[in-house]
Amino acid sequence: MERPAWAPQGIDISVPSVSRIYDYYLGGSHNFEVDREAARKAMEFMPGLPKIMQANRAFMRRAVRYAVQEGVTQFLDIGSGIPTFGNVHEVAQAADPEARVVYVDHDPVAVAHSRAVLDGNDRAAVVTADLRKPREVLAAPEVGELLDLDRPVALLLVAVLHFVEDAYDPQSAVAELRDALAPGSLLIVTHAAYEGIPVPAARAAGTVDVYKNIRNPLIMRSREEIARFFEGYEMVEPGLVQMPDWRPESAPADEDPYAFSGCAGVGRKA
């Protein structure tokens with residue numbers, strides 16, 4: 001398999017990556033055949049997976065604009081993935097040119113491509129770190145240089161918590177990040193769930209098995225389990241809902257049925 005010029009040395013391009021599979025769903029070009037093969041297998045059970053990812057990105061953009069409207073112009077995006085059009089820094093800085101963004105990911109391809117995209121942008125940076133180790137995230141020099149943690153920060157955990165198994169205690173990781181943030185900070189979350197998926201749960205489980213087989217387990221938590229990540233936050237209206245229902249800009253009834261898979265919400269730290 002030939003290594004493309006954009007692929008960092010040292011990564012195993014024969015092993016699928018969640019961020020590159022996500023990039024494929026969104027129509028990106030930073031993925032390998034092994035990623036596309038895994039994505040196609042997952043889509044055999046849920047052909048609307050790209051629609052879910054598009055709804056996820058649309059929610060993220062609405063939430064970022066909401067944050068800026070509320071006066072929150074600092075963003076910490078953990079599990080940010082491979083940049084595509086309309087990423088956090090583009091949306092935030094379009095609303096407020098002074099907005100600052102730090103992306104965090106542990107995928108070398110996502111980090112390398114983010115650095116290329118952000119070249120020349122002195123108000124955005126990318127960090128190689130893992131949500132499961134929040135102290136490393138908070139201690140990263142880029143976080144200290146760009147973000148003032150004594151002021152409100154919007155913490156984005158978009159489509160990442162469902163890849164953190166309970167054995168790694170994601171609840172504690174999210175709580176540790178919460179405790180490091182100032183009052184008025186926002187938590188922006190999307191999470192996969194069987195709720196809302198327009199196919200039987202037994203069929204959707206086939207997609208879950210695909211991710212398990214590539215050693216990136218997809219954890220389908222219940223609404224109640226997802227809500228626990230917001231402990232210490234006051235939910236912003238309309239609460240924890242399906243993605244198209246969070247402050248929609250167009251009629252949710254016009255959305256593809258797959259867009260309603262999973263949950264999304266924003267919380268404000270008191």
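Points worth noting:
- Within region 189-270, trypsin sites (Lys or Arg not before Pro) in DSSP loop having at most 11 other beta-carbon neighbours inside 10 Å: Arg215
- For region 111-232, carbon and sulfur atoms together expose 47% of the accessible surface, with a 1.4 angstrom probe and every protein chain in place.
- Net length available on complete extension from Ala182 to Asp150 is 11.0 nm, with 0.36 nm assigned per residue and the Cα-Cα distance removed.
- Sum of -39500 (n - 2.57) over DSSP H runs of 4+, divided by residues of the chain (222 nm, nearest 500): -11000 deg cm²/dmol
- Two-site FRET efficiency, Ala251 against Glu37, from Cβ-Cβ distance with R₀ of 30 Å, rounded to 0.05: 0.25
- Separation of region 30-84 and region 111-175, taken as the distance between their Cα centroids, equals 16 angstrom.
- Inter-label distance for Ala139 and Ala175, nm, one decimal - labels placed 7 Å from Cα along Cα-to-Cβ: 2.1 nm
- Unit charges at the beta carbon, dipole of the chain: most positive-side option, Ala167, Gly184, Val102: Ala167
- Here region 175-269 is treated with +1 on each Lys and Arg Cβ and -1 on each Asp and Glu Cβ, and its dipole about the Cα centre works out to around 360 debye.
- Modelled spin-label separation between Tyr168 and Asp130, with each label point placed 7 Å from Cα along the Cα-to-Cβ direction: 0.6 nm.
- Mean separation of Cα contacts under 8 Å, 6 or more apart, over the residue count of the chain: relative contact order %: 20 percent
- Prolate/oblate/rounded label for region 208-250 (Cα gyration tensor, a/c 1.5): oblate
- Measure of compaction for region 113-270 (Cα Rg per 2.2 N^0.38 Å): 1.12
- Shape call, region 166-255: gyration tensor on alpha carbons, a/c limit 1.5: oblate
- Each of the peptides 156-165, 242-251, 116-125, 71-80 was scored by the mean count of other Cβ atoms within 10 Å over its residues; in descending order, highest first, they stand as 71-80, 156-165, 242-251, 116-125.
- Antiparallel DSSP beta bridges within the chain, percent to nearest 5: 35 percent
- Put simply, region 25-147 fits an ellipsoid with semi-axes of 26, 18, 13 Å; these come from the alpha carbon gyration tensor as the roots of five times its eigenvalues, largest first.
- Considering only Tyr211, Ser261, Gln242, and ranking their Cα positions along the charge dipole of region 201-264 that arises from unit charges at the beta-carbon of Lys, Arg, Asp and Glu, the one farthest toward the positive end is Tyr211.
- Span-rule helices in the chain, defined as complete DSSP H runs reaching 24 Å or more along the axis (Cα) with Kyte mean at least 0.5: none
The values are calculated or read from the model by the stated rules, or taken from the named source; none is laboratory data. All of these numbers come straight from a predicted model, not from anything done at the bench. All Cβ positions, even for glycine, are placed from backbone atoms using ideal geometry, and neighbour counts span all protein chains on display. Keep in mind that these areas ignore ligands, DNA and RNA; they rest on the heavy atoms of the full protein, side chains included. Shrake-Rupley method; radii C 1.70, N 1.55, O 1.52, S 1.80 Å.
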